[in-house]
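Here the structure is laid out as structure tokens; the discussion comes afterwards.
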Amino acid sequence: MNNKHEHMRILVVDDEKDIQDGCERILTRMGYQALKASRGEEALKILEKETVSIVLLDLMMPGIKGMEVLQRVKEIDETILVIVITGYATIETAIDAMKKGAYDFIPKPFTPDQLRIGVERAQEKLQLVWEAEKLEQERKKTLADLDTEQTRIRTIIESLPSGVVVTDPEGHVVLMNPAFLWHLGLDPNRSSGDPIDAYVSDKGFCDLVLELSQGKQSAPDEPPIYEFDIQSEKYLQARGQPVQSEDKECVGAVVVIVDVTSMKVLDQVKSEFVAKVSHELRSPLSTIHEQLALVLKDFVGDEFRNDQHILARAKEKTQGLISLIGDLLDLSRIEAGIVHQEPKHVQLEELLSSIVDFLGSKAKGREQAIILELPKNKFPLLAVDPMVLESIFGNLITNAINYTPKGGEIRITAFLDGENMRVDVKDNGFGIEERHLENIFDRFYRVKNEKTRYITGTGLGLPIVKGLLDSMRGSISVQSTHGQGSTFTILLPVKN
Ligand code: ADP
């Protein structure tokens, strides 16, 4: 509560001592502090020094007239409430006093109750005024706080090194920071308000922003990542998130952009290095492999049994290295974007049949049944390099054979699934424990347990498959139960 109220003081101005004392008694009993003055001049002096809330003013006093005192009191502090008391009360003097700013009027002689009621009414009025003042101060404070908060947030966004762009549900830019303009090589004074494609020419980026702005991106927990380049010189990575109102309605999107050029360059250098080293190693290794095969052929007879074993192991190891080099070269080609070198029109069913025929003997050697189920209606032709599809399905079917014990079954089912051609490669083999599932598409990741320990591999097959599918806007997913088998599902868009 206001200080003024806590120590509420009432000044009694009357030349009659009895009235002064009587008023003082009543007011003190009511809990107020009473000050007394017997003349107008004295009252005004007190008011210069003390904070007073109410003045009880006798209009008929010696010295300066009551009406003038009233006027001067109002000049000193217009919030002071003046209650006029006079023995010569007439309606006219009352009206006159009210016009000059008096709050109320008590005619003399008055009873203690009349005084109490008059003072209480004035006090209530003051209370209301103070509360209104307090509310007004709070409102001003909240507005000031809001203003500081907004300025603070704006300053933070403006000084972020990452580019930030905020759009409305129609994909119009409502806010962008200097880093966004800088990353995209736009005029630093460029104003917001236009559709996103007026600022960024990359269609994929604009499509993503539009989808986010309209709330069409289905997985808001995983902000989609999109990479694009500015004239092949600068590489930018965008991450976006839809913005939802309190009632979960999409009100736009916020997209952050970071410069990943240095990472890209480093990645490129690394890929080129791996490709070069792999390339250089391949021919000498192949030669060693062939020569080992030749030497092995000459080692016959019991006396060479031990040497034969050593050489066979060496040959097996060189074969493993040759496969690894082959996979590394494939990955380098995928990373460099050199995938579909000789695109042709491919009938997926025919390609699957020839792979199954080719790998059939391997499955037969392991007494496995390999079943191919093709769609009733022919798939539309795919315009791709057939090597890419051979690599994808070759890898998956080889894995199914390798990770399924003798006598198992591998079933390949192809059918049209909405907008996609779908192929399921299903086996009833070892399966994969849940905890490994999210890693098996990572480079060099291999699951090692007593069932898979002796199966050779590079851990690069699935990353290659994924990379190739990405290049065709396809996808791969896996479902597996440890000890029961796995199903790898491939989706290839009909419009590729
Ligand atoms: P690898 O050369 O080891 O086969 P991949 O990248 O093709 O490399 O596969 C990674 C790992 O995923 C494998 O080591 C294996 O543990 C697991 N895996 C792949 N396919 C299957 C499958 N059909 N059944 C069980 N495990 C599989």
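Residue count for segment 228-268 satisfying the condition of being within 16 Å of G204 (Cα to Cα), in contact with a Phe, Trp or Tyr (Cβ under 8 Å, 6 or more places away or on another chain) and among the hydrophobic types (A, V, I, L, M, F, W, C): 4. Residues that are within 40 Å of the chain's Cα centre (by Cα) and hydrophobic (A, V, I, L, M, F, W, C) were ranked within segment 354-386; the one that is nearest to I338 (Cα to Cα) is V384. Checking each residue in segment 353-385 for being in contact with a helix residue (DSSP H, G or I) (Cβ under 6 Å, 6 or more places away or on another chain) and closer than 22 Å to N402 by Cβ picks out I355, L359, K362, A363, I370, L372. Examine segment 315-326 for a residue that is part of a helix (DSSP H, G or I), basic (K, R), free of Cβ contacts under 8 Å to residues at least 40 places away in the same chain and under 23 Å from S278 (Cα atoms), and state whether such a residue exists. Scanning segment 315-326, I find at least one residue that is part of a helix (DSSP H, G or I), basic (K, R), free of Cβ contacts under 8 Å to residues at least 40 places away in the same chain and under 23 Å from S278 (Cα atoms), so the answer is yes. Please work out which one of (1) without any contact (Cβ under 8 Å) to a residue 24 or more places away in the chain; (2) surrounded by fewer than 18 Cβ atoms within 10 Å (Cβ to Cβ) is the condition F105 fails and give its number. So F105 meets the others, but not (2). A single member of V82, V52 is in contact with a Lys or Arg (Cβ under 9 Å, 6 or more places away or on another chain), within 16 Å of R9 (Cβ to Cβ) and in a loop (DSSP other than H, G, I, E, B), and it is V52. So, in segment 438-469, of the ones that are touching a residue at least 12 places away in the same chain (Cβ under 8 Å) and more than 12 Å from the ligand (Cβ to nearest atom), which residue ends up nearest to the chain's Cα centre (by Cα)? Ranking the candidates gives L469 first.
Conditions tested, residue by residue: (1) touching a helix residue (DSSP H, G or I) at 6+ places or on another chain (Cβ under 6 Å); (2) modelled with pLDDT of 95 or more; (3) surrounded by 18 or more Cβ atoms within 10 Å (Cβ to Cβ); (4) not in a helix (DSSP H, G or I).
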| position | (1), (2), (3), (4) |
| --- | --- |
| N189 | no, no, no, yes |
| S201 | no, no, no, yes |
| G204 | no, no, no, no |
| G215 | no, no, yes, yes |
| S232 | no, no, no, yes |
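Check whether at least one residue in segment 475-487 is touching a residue at least 12 places away in the same chain (Cβ under 8 Å), surrounded by fewer than 16 Cβ atoms within 10 Å (Cβ to Cβ), over 27 Å from A369 (Cβ atoms) and within 11 Å of the ligand (Cβ to nearest atom), and report yes or no. Looking for residues that are touching a residue at least 12 places away in the same chain (Cβ under 8 Å), surrounded by fewer than 16 Cβ atoms within 10 Å (Cβ to Cβ), over 27 Å from A369 (Cβ atoms) and within 11 Å of the ligand (Cβ to nearest atom), one finds none in segment 475-487, hence no. If the condition is being more than 14 Å from I257 (Cβ to Cβ) and not basic (K, R), then segment 189-200 contributes N189, S191, S192, G193, D194, P195, D197, A198.
The values are calculated or read from the model by the stated rules, or taken from the named source; none is laboratory data. What you see is a predicted model, and the numbers here were worked out from it, not measured in a lab. Cβ coordinates were reconstructed from backbone atoms using ideal geometry, including for glycine residues, and neighbour counts include every protein chain displayed.
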